[in-house]
Protein chains: 2
Amino acid sequence: VAEHPVVPTSGALRPLGLDSVELGSGFWGDRRELNAAIIDHCLFWARRMGWVDNFTVAPERRRGREFADSEVYKLLEAMAWNGGHPAYEELAAAVASAQHDDGYLNTRWPGSRYSDLEWGHELYCYGHLIQAAVARLRRHGDDTLVRAARRAADHVCARFAEAGVCGHPEIETALVELYRATGEERYLEQARRFVERRGGPALADIALGRSYFQDDIPVRRAGVFGGHAVRALYLACGVVDVAVETGDRELLEAVIAQWDRTVAARTYLTGGMGSRHTGEAFGEDFELPPDRAYSETCAGVASVMLAWRLLLATGDVRYADLAERTLYNVIATSPAIDGRSFFYANPLHQRVPGHHPDTGEASIRAYGALRAPWFNVSCCPNNIARTFASLPGYVATTDDGGVQLHLLTACDVRAELGDGRTAALSVETGYPRTGAVTVRVDRAAGGRWEITVRVPSWAEGATLTYDGHAEDVTGLAGGRAETVAPGTVSVTADWRPGDELRLDLPMAPRWTRPDPRIDAVRGCVALERGPVVYCAESVGEPLGDVVVDTTAAPEETSVLGEIALTGVAHPMRTGSGWPYGSASGGTTAERAPVTFVPYHLWGNRGPAAMRVWMPER
Amino acid sequence: VAEHPVVPTSGALRPLGLDSVELGSGFWGDRRELNAAIIDHCLFWARRMGWVDNFTVAPERRRGREFADSEVYKLLEAMAWNGGHPAYEELAAAVASAQHDDGYLNTRWPGSRYSDLEWGHELYCYGHLIQAAVARLRRHGDDTLVRAARRAADHVCARFAEAGVCGHPEIETALVELYRATGEERYLEQARRFVERRGGPALADIALGRSYFQDDIPVRRAGVFGGHAVRALYLACGVVDVAVETGDRELLEAVIAQWDRTVAARTYLTGGMGSRHTGEAFGEDFELPPDRAYSETCAGVASVMLAWRLLLATGDVRYADLAERTLYNVIATSPAIDGRSFFYANPLHQRVPGHHPDTGEASIRAYGALRAPWFNVSCCPNNIARTFASLPGYVATTDDGGVQLHLLTACDVRAELGDGRTAALSVETGYPRTGAVTVRVDRAAGGRWEITVRVPSWAEGATLTYDGHAEDVTGLAGGRAETVAPGTVSVTADWRPGDELRLDLPMAPRWTRPDPRIDAVRGCVALERGPVVYCAESVGEPLGDVVVDTTAAPEETSVLGEIALTGVAHPMRTGSGWPYGSASGGTTAERAPVTFVPYHLWGNRGPAAMRVWMPER
């Protein structure tokens, strides 16, 4: 079984986990290197906030929100995927010591178990405990934490056989994964029950409405993701897992339809999801304000989890495309370049440079214009840590006939093909800085097999070149560069070691315009280069009221070692007093340069104003 | 002293209260007629929710939020301005019965007085109690409620002499009004202390930040209204009151500068204020999303209160202009045409028709797309009731030389001029349906005096006609129509009974465009006619994705007896799937009619989609 966060027993593609993929130096490899520091940072804060001690102190000394246990579990999961940590055993022992004889485990509600399923987060916490245990089981084997998680899962199956769901979905996907890792079918059955019960309704009404926790309509009948974005996306992960393991095609198709509409009407250019601060929620279709975008980091994590599950189930490259977009423009945006502070929300427009949060204290506000070292609700840093730790698992897949490369990043890949043959590839690339991606065959499996490379949806005009000694190469004419369309390109051959495929992607900056139904960015353009969304950034002062001239090609410059782009803009004509009248403004003849940096880089040079969408002249 | 909610002892203009102005049949007179039913509706719900009983039941049976007492006080104020109510005495007696010996009065916190100034609302509740008492004192005289309010105010002066402010401003303006009504200077001094203390800071930090309750910066140093909109505007009312009564010109100028910037950058076309659901707050400059506009009804009420105070202090017609805009497009929008349900928030764009709230229960959500009969936080209906009850006080003012008409509505006005002479006018008009406003002199004061009429800021090309027998008319050539500029027009004469001035306002619909810095409505137009903002409304279904053709003049039709306007639109070209690409949409050649109704009328024909700002072709 692959060492991977999601290992379905069937589906179009099989994951290649951390045992099969090793990242080299590059955009993602460097971030996984940084993750050791991120994990230590998260551990420092989890201890400082008292969340680790919660498992061992007297109840009246417990600190933190009702879901504080889950932060420790996410951190344990990160440690597990990262190959262990000196503090792992101590933390796992502390967690196990707090477990009741019957398997109940929660530091917040010992005397009033399940008295508030709407807000109590007990099952949610189990979900993260189980995910940590699954990671440990797959990377290391049985241990204290795994036994605690299984006892908790058994307790859940007994206690929630007949009724009840959690206000925050998460346990559904975790139980299916535990089923996959242990073979115990009761976990799958319990996950199925949770999925089917939801929307009955199964929970009490709340001020935000039942849609907040996806209890307004059964998931099978919903047409789009709605309500709290992280809840909706974690639930969808669990629904896909249940559908795949039970062979419920209708259920899978329901999620696919919801994903289609969500991506077409409720997703930011960055891949971010969740457009409302109130309820941290999806808005209506085409309600995508850039300034008040919530686009929570954790929703980005959950969206990648979901996209990967749908990719494995269907093989459809659209899911890998969105995962890549979200990884580069939400996941990579959250942590500062030193890994010591994080965005919780990821707006696409910041009018006024924010104030530096007091770095000595956890921020009580998730709404800052600057990264903070920690939050009172600090899901995002831990979610980044567990995602970075499992990054190698999101690069490639295999099926009986070959290997598929989804994330174009420097790495070594080893894959077992269907008939027991083993293939090995390595990828060399400076992507996304440069557009050349070279795939080299390091070990030939013997006989014909297929290499599939994703061609990103924006990459019109990409070319693929074959350079090698194999005969009977199908899918490409040997020895020549050939234009390939966005989607995937597959080449089958009796590969020889040293054979190479080179994908050349067009990396010229491109201006992107929104669907006219997205009211909030009407008349605006964004700048993209490769998979990276850019933003105009002004450090320390407002951006100025300018309109960009898209007829002028942006010039390459450099900011913090990354490629920046300088474009031409013109000041708006603005008035004063009452801001409504018969005439529209127009621009002056002056020219003002405007510098765009990769969106994931913004806010790393101090308080800044920023906008992804610029008014177009 | 005028029977008016605000009676400064100095200023450019003097209010003419309910004893001096009587509304005739028309837009506002009809609403004041309806107010008797609104007051009964509010009383029914205040009883049903238990908020009236709270004053007499045992503490453990108390119901409602921490500020529920204030709802009864606002209702008592409405009853007082409305000339009394059969239930008034009973309610006043209940309130007085709950007062402690030392003057403390609050049904929520008897055992833990002032233990939570940030959220406790005790001083806020006193503020509304005092405003009700001032109304009663001015319209009727001393009574049970007045005595209770004075005892509470004395208690506040003693308890808060040295430190403390309320998390929700309101008592500041109330104490100044009580000073004005009683002559007791300690109330003014206490109000001054509250104003000066604020922003020290004087309160604890909260998750929403101290800006939420205007404790982030002293009011004297603030540059713009920020934080919770109702809090900010109530506070500003109190600040103007303190500044006027203490002759603190610097303090007055500070509020004027804050108002200027707020109106130029943080105000909706409707006059609505507050663009964020989170914190019910002002956003940054030019952050004015139409769909997520909060524009709370109560913020509209508070804005009119503030504008009227600034008008009285300065005589500047800009304040009357904004008050009119807010009255027609926020205040008049909240109540349904039958006065039995209310908008709490007043967004300018509703994408999807909402669901009817269950009219049998109070709505727990203030975010509905439909009016609800009541809310768990039900400030808005009571605030409408007290505003409608005092409407005659917002029509006209006087000074030593004459009478000023600010709100162009059918009415009779009687004014004492500076030298003891009395003048009487009557106004006949169908405004805002029609543009003719006839001012007739019913009683000549004897000698020369001045009639001033406001010409709204949008009324380019208005004409004024004099028809009468007075001699030596200055400000206008007699007998002829004359074009007058927006602002005010003043005519001085030795008026004779029967003399008439007729203002003719241009009532052709006009397309209005936003300042280019308002990102959320870039490329859009709104339709206005006279002081009324229009909106495209589609009952029962989405509006369709259309672009309006402003070269075609809208045609007049009728909806619910009001003037509707039908314009020409064209469907957008829209795509499917990923909503971002290299091309922008454009429109098709089809024509689609789009019907605009007065914004204040929307949602009266059932669930509807609506937008004030339409994309312009």
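Just one of (1) more than 8 Å from chain A (Cβ to nearest Cβ); (2) assigned to a loop (DSSP other than H, G, I, E, B) trips up residue B:556, so point out which.
All conditions are met except number (2).
Could you please find all residues in region B:43-63 being part of a helix (DSSP H, G or I) and among the polar types (S, T, N, Q)?
B:54, the sole residue that qualifies.
I'm trying to understand the selection: among the residues of region A:306-315, which are more than 15 Å from the chain's Cα centre (by Cα) and open to solvent by less than 10 Å² (accessible area, probe 1.4 Å)?
Answer for region A:306-315, where residues must be more than 15 Å from the chain's Cα centre (by Cα) and open to solvent by less than 10 Å² (accessible area, probe 1.4 Å): just A:312.
Step by step: first the residues of region A:156-202, then only those that are touching a His at 6+ places or on another chain (Cβ under 8 Å) and closer than 19 Å to residue A:6 by Cα, then the one that is surrounded by the fewest Cβ atoms within 10 Å (Cβ to Cβ). Which residue is that?
Only one residue tops the list, namely A:170.
Looking only at region B:272-279, decide whether some residue is at the interface with another protein chain (Cβ under 10 Å from one of its Cβ atoms), of a type in the set (Ser, Thr, Tyr) and buried (at least 24 other Cβ atoms within 10 Å of the Cβ).
Among the residues of region B:272-279, at least one is at the interface with another protein chain (Cβ under 10 Å from one of its Cβ atoms), of a type in the set (Ser, Thr, Tyr) and buried (at least 24 other Cβ atoms within 10 Å of the Cβ), which makes the answer yes.
Restricting to region A:422-456, count the residues that are buried (at least 20 other Cβ atoms within 10 Å of the Cβ) and closer than 30 Å to residue A:533 by Cβ.
Matching residues across region A:422-456 total 14.
Okay, residues lined up against (1) more than 14 Å from chain A (Cβ to nearest Cβ); (2) among the hydrophobic types (A, V, I, L, M, F, W, C); (3) in contact with a strand residue (DSSP E or B) (Cβ under 7 Å, 6 or more places away or on another chain):
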position: B:471; (1), (2), (3): yes, no, no
position: B:474; (1), (2), (3): yes, no, yes
position: B:482; (1), (2), (3): yes, no, yes
position: B:495; (1), (2), (3): yes, yes, yes
position: B:503; (1), (2), (3): yes, yes, yes
position: B:525; (1), (2), (3): no, yes, yes
position: B:537; (1), (2), (3): yes, no, yes
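Which residue, of A:318, A:292, is within 10 Å of chain B (Cβ to nearest Cβ), under 25 Å from residue A:209 (Cα atoms) and open to solvent by 10 Å² or more (accessible area, probe 1.4 Å)?
A:292
Can you go through A:548, A:525 and tell me which one is of a type in the set (A, V, I, L, M), farther than 23 Å from residue B:275 by Cβ and more than 27 Å from the chain's Cα centre (by Cα)?
The match here is A:548.
Before we move on, is residue A:606 open to solvent by 10 Å² or more (accessible area, probe 1.4 Å), among the small types (Gly, Ala, Ser), within 14 Å of chain B (Cβ to nearest Cβ) and in contact (Cβ under 8 Å) with a residue 60 or more places away in the chain?
Here the answer is no, as residue A:606 does not meet what is asked.
Pull out all pairs, ordered by first then second residue, where Cβ-Cβ is under 9 Å, the residues are six or more apart or on different chains, the first lies in region A:20-36 and is closer than 19 Å to residue A:340 by Cβ, and the second is of a type in the set (Gly, Ala, Ser) and assigned to a helix (DSSP H, G or I).
A:32/A:389; A:35/A:78; A:35/A:385; A:35/A:389
In region A:283-300, which residue that is under 16 Å from the mean Cα position of the chain (by Cα) and not polar (S, T, N, Q) is nearest to residue A:531 (Cα to Cα)?
Restricting to residues being under 16 Å from the mean Cα position of the chain (by Cα) and not polar (S, T, N, Q), the top hit is A:300.
Specify the residue that is surrounded by the most Cβ atoms within 10 Å (Cβ to Cβ); the eligible residues are those in region A:566-598 that are assigned to a strand (DSSP E or B) and within 14 Å of chain B (Cβ to nearest Cβ).
It comes out as A:569.
What tally of residues in region A:153-179 results from selecting those that are within 28 Å of residue A:299 (Cα to Cα), hydrophobic (A, V, I, L, M, F, W, C) and more than 27 Å from the chain's Cα centre (by Cα)?
Residues flagged as within 28 Å of residue A:299 (Cα to Cα), hydrophobic (A, V, I, L, M, F, W, C) and more than 27 Å from the chain's Cα centre (by Cα) within region A:153-179 amount to 4.
Any idea which of (1) open to solvent by 10 Å² or more (accessible area, probe 1.4 Å); (2) within 30 Å of residue A:16 (Cα to Cα); (3) touching a residue at least 60 places away in the same chain (Cβ under 8 Å) is the one residue A:150 doesn't satisfy?
It is condition (3) that residue A:150 fails.
Name the residues in region A:505-520 that are within 8 Å of another protein chain (Cβ to nearest Cβ) and within 25 Å of the chain's Cα centre (by Cα), would you?
A:510, A:511, A:512, A:513, A:514, A:515, A:518, A:520
Out of the residues in region A:256-269 that are more than 10 Å from chain B (Cβ to nearest Cβ) and surrounded by 22 or more Cβ atoms within 10 Å (Cβ to Cβ), state the one that is farthest from residue A:309 (Cα to Cα).
A:262
The values are calculated or read from the model by the stated rules, or taken from the named source; none is laboratory data. Nothing here was measured: the structure is a model prediction, and the numbers come from that model. Note that we place each Cβ from the backbone using ideal geometry, even for glycine, and neighbour counts take in every protein chain shown. Keep in mind that these areas ignore ligands, DNA and RNA; they rest on the heavy atoms of the full protein, side chains included. Shrake-Rupley method; radii C 1.70, N 1.55, O 1.52, S 1.80 Å.
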